[in-house]
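> Next up is a structure, given as structure tokens.
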Amino acid sequence: MLRKRKRITPDVAITRNFDEGQAVQEGLKLINADNLINEQDVVVITPNWVNDKKQHEKSGIVVGPQTFQTLIQYVKGRNPKRIVIACGSGGGDTPQVMTNVGYDKIIQQEGVEFIDLNVGPYMDLPLNYDIFPSTKINQLLNETTVLISFTQLKHHEEATMSASIKNMALSWPPTEIHGTPKKDLGIHTHLHNFIRAMAEQVPIDLAIVSANPVMIGTGPTKGTARHTGLVITGTDAVAVDTIGARFLGYKPQGVNYLFQCVEKQIGEYDLNKMNLVGLTIQEAERFFSEAVYGDQVIVDAN
């Protein structure tokens with residue numbers, strides 16, 4: 001791993017508010033996120049901008065513009081020396097996605113930097129991945145001291161589920177090298193192994209996964225959006241994604257890359273060892289299943 005996470009403890013908040021931005025802010029407060037960022041930090045936010053097939057936040061394909069702006073304003077309030085929005089669309093031209101959805105106006109209003117991760121300059125990132133042992137990746141990664149993943153929770157047709165770890169793993173490898181979609185060098189040959197290999201090397205300091213909306217059925221773009229009001233915020237991406245998996249009905253063993261991350265001890269998967277605040281897991285699973293399926297489906301009922 002390039003560096004350790006800013007905070008090693010698995011602090012996770014589950015919040016519910018149909019104002020997504022408010023739910024994010026409540027989660028950040030509950031995990032005391034203020035002390036994650038200081039005036040010397042280079043903060044990089046990687047939002048999920050997979051493509052712009054449905055150009056609004058209600059689709060569940062990309063993150064909501066208003067909440068995206070709320071997150072930028074929160075980071076600005078911590079006064080870091082540099083804030084960068086860094087993303088590499090996997091299914092389209094990143095600047096075009098940014099413009100079509102309206103992210104460009106937000107970036108201009110907030111006066112923060114934008115870097116398209118699909119182009120260089122590059123550094124070499126070694127990977128524990130049989131298909132290719134390293135990849136070119138934007139050299140911004142070496143300068144980053146706080147890395148934030150912001151994404152929607154989704155079922156995924158190849159990765160089983162998409163949350164903070166998968167968002168980061170597929171956003172950073174450049175299409176300039178891997179093609180559009182990012183398959184030319186073999187990322188998708190053993191996709192779960194690749195996601196785990198990226199998680200081993202790229203530390204996520206703050207993971208924000210919104211299920212408002214969540215995409216169910218199939219993703220990353222063809223599913224159906226359901227609004228639950230739920231947001232998961234935490235300092236351990238494995239812990240955050242474990243909660244997201246449980247919303248979708250899976251334990252970590254049911255999501256190959258997530259279980260590989262558990263085996264590599266990248267983060268925490270045991271609910272009893274997480275510092276869970278906000279809603280209980282049972283309350284959250286009940287809210288989620290009632291909103292999505294119209295019935296109670298509680299993985300952790302016992």
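> May I ask you to evaluate 6.51 cos²θ - 1.76 cosθ + 1.60, the Karplus curve with θ = phi - 60°, for each residue of the stretch 154-165 and list the ³J(HN,Hα) values in order in whole Hz, giving x for glycine and proline?
Rounded to whole hertz, the list is 8, 5, 9, 5, 10, 9, 6, 9, 10, 8, 5, 5.
> While we're here: Contour minus end-to-end for MET123 and LEU2, with contour as 0.36 nm per residue of separation and end-to-end as the Cα-Cα distance?
Details: separation 121, 0.36 × 121 = 43.56 nm, distance 1.22 nm.
Length difference between fully extended and current span is 42.3 nm.
> Residue separation times 0.36 nm, minus the C-alpha to C-alpha distance between LYS264 and GLN96: what's the value?
Numbers: separation 168, 0.36 × 168 = 60.48 nm, distance 3.70 nm.
56.8 nm is the gain from fully extending LYS264 to GLN96.
> Moving on to the next point. Is the shape of the stretch 204-302 rounded, prolate or oblate, going by the alpha carbon gyration tensor and its root eigenvalues a ≥ b ≥ c, with a/c under 1.5 for rounded and a/b larger than b/c for prolate? Don't jump to the answer; show the numbers that get you there.
Working: a/c = 1.59, a/b = 1.34, b/c = 1.19.
Prolate shape, in that a/c is at least 1.5 and a/b is the bigger ratio.
> Sum up the charges of everything whose Cβ sits under 13 Å from the Cβ of ASP116, counting Lys and Arg as +1 and Asp and Glu as -1, but leave ASP116 out.
On the way: positive: none; negative: ASP93, ASP104, GLU113, GLU176.
Charge balance near ASP116 sits at -4.
> Holding the Cα-Cα limit at 31 Å, pick out from LYS76/LYS251; LYS4/LYS76; LYS81/LYS166; LYS29/LYS183; LYS105/LYS264 the pairs that are longer than that. Show your work: numbers first, answer last.
Numbers: LYS76/LYS251 36 Å; LYS4/LYS76 23 Å; LYS81/LYS166 28 Å; LYS29/LYS183 39 Å; LYS105/LYS264 40 Å.
The pairs that break the limit, which is 31 Å between Cα atoms, are LYS76/LYS251; LYS29/LYS183; LYS105/LYS264.
> Suppose only helical runs count, i.e. DSSP H with n ≥ 4. What mean residue ellipticity at 222 nm does that imply for the chain under -39500 (n - 2.57) per run, divided by all residues and rounded to the nearest 500 deg cm²/dmol? Can you show the working numbers first?
Details: 11 runs with 98 residues, N = 302.
Dividing the helical sum by the residues of the chain leaves -9000 deg cm²/dmol.
> Still on this model: Cut-off under 16 Å on the C-alpha distance; same-chain residues fewer than 8 positions from LYS222 excluded. Which lysines are left, in chain and number order?
Answer for LYS222, where 16 Å is the Cα cut-off: LYS53, LYS54, LYS58, LYS154, listed by chain and number.
> Also, I was wondering about something else. Taking H placed 1.01 Å from N in the peptide plane, check which residues at least 5 places from CYS87 or on another chain put their amide H under 5 Å from its amide H.
Result for CYS87 returns ILE115, LEU117.
> Determine the sum of side-chain charges near LYS273: Lys and Arg each +1, Asp and Glu each -1, restricted to other residues whose C-beta is under 12 angstrom from that of LYS273.
Charge balance near LYS273 sits at -4.
> Stretch THR189-GLU158 to full length: gain in nm at 0.36 nm per residue minus the Cα-Cα span?
Numbers: separation 31, 0.36 × 31 = 11.16 nm, distance 1.03 nm.
My answer for the length gained is 10.1 nm.
> With a 10 Å radius around each residue's Cβ, average the other Cβ atoms per peptide and rank 268-277, 199-208, highest first. Let's see the in-between values first.
Numbers: 268-277: 16.5, 199-208: 24.3.
Highest-to-lowest ranking by the protection proxy: 199-208, 268-277.
> Same structure again: Could you rank the peptides 230-236, 255-261, 210-216 by their average count of other C-beta atoms within 10 Å per residue, with the highest value first?
Top of the packing list down: 230-236, 210-216, 255-261.
> Tell me whether the chain comes out rounded, prolate or oblate; compute the Cα gyration tensor, take square roots of the eigenvalues as a ≥ b ≥ c, and use a/c under 1.5 as the rounded threshold. Write down the numbers at each step before the final one.
Values: a/c = 1.28, a/b = 1.19, b/c = 1.08.
It comes out rounded by the Cα gyration axes.
> What does the charge dipole of the chain about its Cα centre add up to, to the nearest 20 debye, if the Cβ of each Lys and Arg holds +1 and the Cβ of each Asp and Glu holds -1? Mind dumping the intermediate values first?
On the way: 28 positive and 33 negative charges, 6 e Å.
It works out to roughly 20 debye.
We did not get these values from a lab; they are worked out from the coordinates using the rules stated. Computed from a predicted model, the values in this text were never measured in an experiment. Glycine gets a Cβ as well: all are built from the backbone with ideal geometry, and neighbour counts include every protein chain shown.
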